[in-house]
Structures are given as structure tokens and as C-alpha cells.
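To keep things clear, I will list the structure first and then write my remarks on it.
Here, each number is a calculation from the coordinates, and none is a lab measurement. As the structure is a computational prediction, the values presented were derived from the model and not from experiment. No Cβ is skipped: glycine too gets one built from the backbone with ideal geometry, and neighbour counts run over all protein chains shown.
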Amino acid sequence: MSEPEVAPARRRLFYALWPDDATRSRIVRSTKEAVRLSGGRPIAKDRLHLTVAFLGELTAEQLELARAAAPIAVGAFDLTLDLVGVWPQSRVLWLAGRELPEPLEALESGLWDALEDRGFVREDRVYRPHVTLARRARGTETSEVAPVPWHVTELVLVESLPAGRNVHYEVLERWPL
């Protein structure tokens with residue numbers, strides 16, 4: 001009798017901008033009232049991030065291909081997060097910048113070009129960089145908040161791991177910009 005074939009283990013991964021502790025604290029202070037008013041379930045402070053490329057579930061082989069796509073040299077840049085809003089369909093309360101810095105556009109585009117060269121498929125939607133603040137939020141108005149300055153210096157590869165009813169994020173690798 002032969003052994004049943006076991007499907008390869010898959011890991012849920014994404015590339016992100018990962019704020020330092022001071023930036024995370026500024027995000028929480030600036031958006032505390034918006035999160036409260038949304039009635040949503042807040043994202044834990046240590047999980048706040050801005051996704052650059054969501055890869056989904058990958059095998060070990062695909063993970064190595066994804067790792068080879070970075071680094072993308074755009075240089076460190078400044079990002080100002082100053083708008084909050086809710087996407088009604090997903091009920092996500094988000095924080096974003098009124099202006100998208102050119103280096104962030106170049107990073108997202110260059111990363112996806114490198115990923116596509118390695119067989120990954122880019123999602124067919126417009127890139128809307130944001131920090132998710134809460135889930136199951138109410139509201140539709142976009143409003144200004146106290147600006148959160150963020151000096152972005154690195155790109156990280158993150159694994160999303162189940163942790164009870166939530167998730168835990170583990171940074172697997174870091175690359176300077």
C-alpha cells in the first residue's frame with residue numbers, strides 16, 4: 001500500500017511597510033476617535049501595517065521565489081497619513097494619505113514586476129495603500145485626521161499565522177529601501 005500524497009504546506013504571506021513603535025503610537029493617537037466612532041473591532045497596535053503586495057497562500061518553493069523578488073531600491077521616503085474612511089462593502093476602517101508618494105508607487109509597481117517575472121499574478125484592482133484600523137466598521141464618510149508622518153526605510157515580508165480568532169504577523173525578512 002502506498003502512502004497518500006500530502007499536499008505541500010502553504011503559508012499566507014504579504015509584503016508590507018512596517019511602522020516603527022513611534023509611528024504606530026502616532027497612528028493610534030491620531031485615529032482613536034475615528035476607531036471609536038466606527039464601532040468596529042480595532043486592529044491591535046502591533047499588527048498595524050501598510051500592505052504593498054498580497055501574495056496569498058504559498059508553498060515553500062513559491063516563498064523562495066517571492067523572497068528573490070526583493071529588494072526594490074526606491075530609497076527611503078516620507079509618507080503622510082491624514083485621511084480616514086470606511087469601505088462599505090468590506091466594512092474596513094482605513095487610514096491613508098491624501099497624496100501617494102512617487103517612491104511608494106515605484107515600490108509597488110517594481111515589486112509586482114519582479115513577482116510577475118517569477119510567475120505570480122497581480123490582483124486585478126487599483127492599488128489603494130492604507131493601514132487597516134478596524135474591521136466591521138460603520139460609516140461612509142472620509143474625513144481628515146491629525147497627520148501622521150512616517151519615514152519609510154524598509155520593506156518587509158510578513159507571514160500571517162492563525163492565533164485563535166485573530167491572526168499573528170511574523171516578519172520573516174527585511175530589506176532597506
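Residues in the stretch 65-95 that are of a type in the set (V, I, T) and buried (at least 20 other Cβ atoms within 10 Å of the Cβ): I72, V74, V84, V86. Of the set (1) farther than 25 Å from S30 by Cα; (2) in a loop (DSSP other than H, G, I, E, B); (3) in contact with a strand residue (DSSP E or B) (Cβ under 7 Å, 6 or more places away or on another chain), all apply to L111 but (2). Of the residues that make up the stretch 118-128, is at least one in contact (Cβ under 8 Å) with a residue 60 or more places away in the chain and among the aliphatic types (A, V, I, L, M)? No, that holds for no residue.
Counting only residues that are within 21 Å of L100 (Cβ to Cβ), assigned to a loop (DSSP other than H, G, I, E, B) and out of contact with any Asp or Glu (no Cβ under 8 Å at 6 or more places or on another chain), the stretch 116-140 holds 6 of them.
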